[in-house]
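Inspection log for the structure reproduced underneath, given as structure tokens.
The values are calculated or read from the model by the stated rules, or taken from the named source; none is laboratory data. Source: prediction; values computed, not measured. Using ideal geometry, Cβ is built from the backbone for each residue, glycine included, and neighbour counts are taken over all protein chains shown. Surface accessibility is based on the protein's heavy atoms, side chains included, excluding ligands, DNA and RNA. Shrake-Rupley method; radii C 1.70, N 1.55, O 1.52, S 1.80 Å.
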Amino acid sequence: MKLDILVLSVHPDDAELGCSGTILKHIALGHKVGIVDLTRGELGTRGSAEIREQEAMAAAEILGIAVRDNLTIPDGFFENTREYQLKVIAAIRKYQPKIVITNAYHDRHPDHGRANELVEASAFLSGLRKIETSENGELQQAWRPDLVLHFIQDNYIKPDILIDVTDYWDKKIESVYAYGSQFFNPDWENEPQTYISTPEFINVVAARASEFGKSIGVKYAEGYTSRKILGVDNLFSLK
Ligand SMILES: [Zn+2]
């Protein structure tokens, strides 16, 4: 299956927090979008890999994405090594996306920055035909996405581009709350509280999107950075 946009982020729930408004908007525009989570998030304080998998599939349903896979790379301990690059390359070649979206290039959680490095390197290497990968015994074709964008997570990072996601905000929050084990949930009040399980955390996600939105004259926006200079077809695509 060929995708227009492939989100490669490290923990199930990163995509929902970081770019689900953009996912919903581009699906509504007729593009095909999928998510491949790098890990099962098995080191998370609350929940378990199995619970998070069920939550990720429920969120996928809410978003209406074409596919959601998991590379089962070890949470917390992976590095930007050949072994894991080959896994990410195989996923990029399988779905041949024009655009890859990944984690923030630096963040409070060290997995986020390392996932960014791993995905950036793999997206480039995926275009080198002498690196061989296979799927179901068949050699895969080399494929390099046109663009790799990084969403913005806990750390404030000045975005290179903002996308208006106002019309998709409520659905985005619904997809985030599909992770009942991770975010504010009165049913889990006897479980340990974490940085992301307090009501304040979601307020900060909304405040960030509102601040980004305000700066381009809309209610909510998601921000991205890119290592490559970004261009647009014409001036009227800019706000
Ligand atoms: Zn994360």
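Details
- Region 24-46, subset more than 16 Å from the ligand (Cβ to nearest atom) and more than 25 Å from Gln141 (Cβ to Cβ), residue most open to solvent (accessible area, probe 1.4 Å): Leu29
- Annotation: of all residues in region 47-72 being in a loop (DSSP other than H, G, I, E, B) and in contact with a helix residue (DSSP H, G or I) (Cβ under 6 Å, 6 or more places away or on another chain), the one that is surrounded by the most Cβ atoms within 10 Å (Cβ to Cβ) is Leu71.
- Taken together, the residues in region 1-43 that are outside any loop (DSSP other than H, G, I, E, B), hydrophobic (A, V, I, L, M, F, W, C) and more than 21 Å from Tyr105 (Cα to Cα) amount to 4.
- Filter pass, Val165 being aliphatic (A, V, I, L, M), open to solvent by 70 Å² or more (accessible area, probe 1.4 Å) and at negative phi: no
Results for (1) polar (S, T, N, Q); (2) open to solvent by less than 70 Å² (accessible area, probe 1.4 Å); (3) touching a strand residue (DSSP E or B) at 6+ places or on another chain (Cβ under 7 Å), shown as yes or no for each residue.
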{"site": "Ser122", "(1), (2), (3)": "yes, yes, no"}
{"site": "Gly137", "(1), (2), (3)": "no, no, no"}
{"site": "Gln140", "(1), (2), (3)": "yes, yes, yes"}
{"site": "Ser197", "(1), (2), (3)": "yes, yes, no"}
{"site": "Ala207", "(1), (2), (3)": "no, yes, no"}
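Residues checked against (1) more than 30 Å from Ile196 (Cα to Cα); (2) away from the ligand (no atom under 16 Å from the Cβ); (3) open to solvent by 70 Å² or more (accessible area, probe 1.4 Å):
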{"residue": "Pro74", "(1), (2), (3)": "no, no, no"}
{"residue": "Glu79", "(1), (2), (3)": "no, yes, yes"}
{"residue": "Leu86", "(1), (2), (3)": "yes, yes, no"}
{"residue": "Pro97", "(1), (2), (3)": "yes, yes, no"}
{"residue": "Asn103", "(1), (2), (3)": "no, no, no"}
{"residue": "His106", "(1), (2), (3)": "no, no, yes"}
{"residue": "Asn116", "(1), (2), (3)": "no, no, no"}
{"residue": "Ser126", "(1), (2), (3)": "yes, yes, no"}
{"residue": "Arg129", "(1), (2), (3)": "yes, yes, yes"}
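- Subset tally (residues that are assigned to a helix (DSSP H, G or I), closer than 20 Å to Ala56 by Cβ and touching a residue at least 12 places away in the same chain (Cβ under 8 Å)) for region 155-196: 8
- Taking the numbered list (1) modelled with pLDDT under 95; (2) part of a loop (DSSP other than H, G, I, E, B) in turn, Phe201 passes all entries but (2).
- Among the residues of region 1-22, the ones that are under 14 Å from Leu63 (Cα atoms) and within 16 Å of the ligand (Cβ to nearest atom) come to 10 in all.
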